[in-house]
Structures are given as C-alpha cells and as structure tokens.
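Here is the structure we will look at.
The values are calculated or read from the model by the stated rules, or taken from the named source; none is laboratory data. Everything numeric here is computed off the predicted structure, so don't read it as measured data. So basically every Cβ, Gly included, is an ideal-geometry build from the backbone, and we count neighbours across all protein chains shown.
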Amino acid sequence: MSRIFCVYSNTLEAFSYGQGINSYESLFHLDGTPISQNQHSPGLVAMNASSAIAATQPYRLDFVKALWNARIPSGHWRYYDGMVYMLGPLYDSGNFRIWWPPYDTSGAVHTHAADGWFHRWQVRM
C-alpha cells in the first residue's frame, strides 16, 4: 500500500481520536475547531473505519468497533449518512463488488430474467 495512504489515514484518525472516538464532530473550521456541536455523523464513522485499513495507529481497530456499534442513521441526513454507513462495512469486509450484467465480447444482446421481469442488455465495445 502506498505510504501516502498510511500517512493520510494516520493523520485523519489521530485527529478524530483526539476529539473522542465516540463523540468527534463532523464539521470543522480550517484551524480544527468544530463548526457545530453534537454533529457526530454515522457516515464519518463509517469512513474513518474504512481508513483503518491503511492506518498503522495502534487504535485503528477502535474505529472499526465504533462503526459496528454506531446507531442507524436517522433524521435530516439519514439518506447520505445511511448510504455511507452501508458502504463502510461492505468495504471493510472486502464484500464491496461491482455486479455487471452477463455479456460476451461479441457485442450480442443478452436477455436474462430477474424476478419475473426481462431486461435487455446491449453491450457495445
């Protein structure tokens, strides 16, 4: 893994860990002071857990545990936080995949059934 990813992840996690593993804010001024209070974002918790893969800090797994114990997003930012909250465990567990439709390299049109509906996929190469 590239050293720059380790340095970035270590810096990010050191900052968040210094704010409090279960209470760090999600919005900050450039000088590092919080913009608002009580904005502990589940989406940011998920992304900090994902950065733990590249980090080398001894407390990196604390971020993964924080994601595991995080509350399900609700309220105003539930859609964004919910999507990032969902992608975090997929990435961390190695199960984040792209599922392409079935096709071959001849450019043929294929039809497959999904839940009783037929979908056509045109492959153009």
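Cβ-Cβ below 9 Å, separation at least six or inter-chain, first residue in the range 60-87 and more than 17 Å from residue 13 (Cα to Cα), second loosely packed, with under 15 Cβ neighbours inside 10 Å and hydroxyl-bearing (Ser, Thr, Tyr): which pairs? If the second residue must be loosely packed, with under 15 Cβ neighbours inside 10 Å and hydroxyl-bearing (Ser, Thr, Tyr), the pairs left are 73/79; 73/80; 81/74; 82/74. Those helices (runs of 4 or more DSSP H) of the range 1-71 in which at least 3 residues are more than 22 Å from residue 93 (Cβ to Cβ), considering only elements entirely within it, cover 3-19. Note on the range 26-37: residues that are more than 17 Å from the chain's Cα centre (by Cα) and surrounded by 13 or more Cβ atoms within 10 Å (Cβ to Cβ) total 2. Right, residue 49: in contact with a helix residue (DSSP H, G or I) (Cβ under 9 Å, 6 or more places away or on another chain), crowded, with 16+ Cβ neighbours inside 10 Å and at pLDDT 90 or above or not? In short, yes.
A residue that is among the aliphatic types (A, V, I, L, M), modelled with pLDDT under 90 and surrounded by 13 or more Cβ atoms within 10 Å (Cβ to Cβ) cannot be found anywhere in the range 57-65. Would you check if there is a residue in the range 98-118 being modelled with pLDDT of 90 or more and surrounded by fewer than 13 Cβ atoms within 10 Å (Cβ to Cβ)? The answer is no; no qualifying residue exists. If you scan the range 35-44, which residues turn out to be more than 20 Å from residue 62 (Cβ to Cβ) and at pLDDT 85 or above? Result: 35, single match.
For the range 84-92, the criterion of a residue being in a loop (DSSP other than H, G, I, E, B) and either at pLDDT 85 or above or more than 12 Å from the chain's Cα centre (by Cα) (or both) is satisfied by no position.
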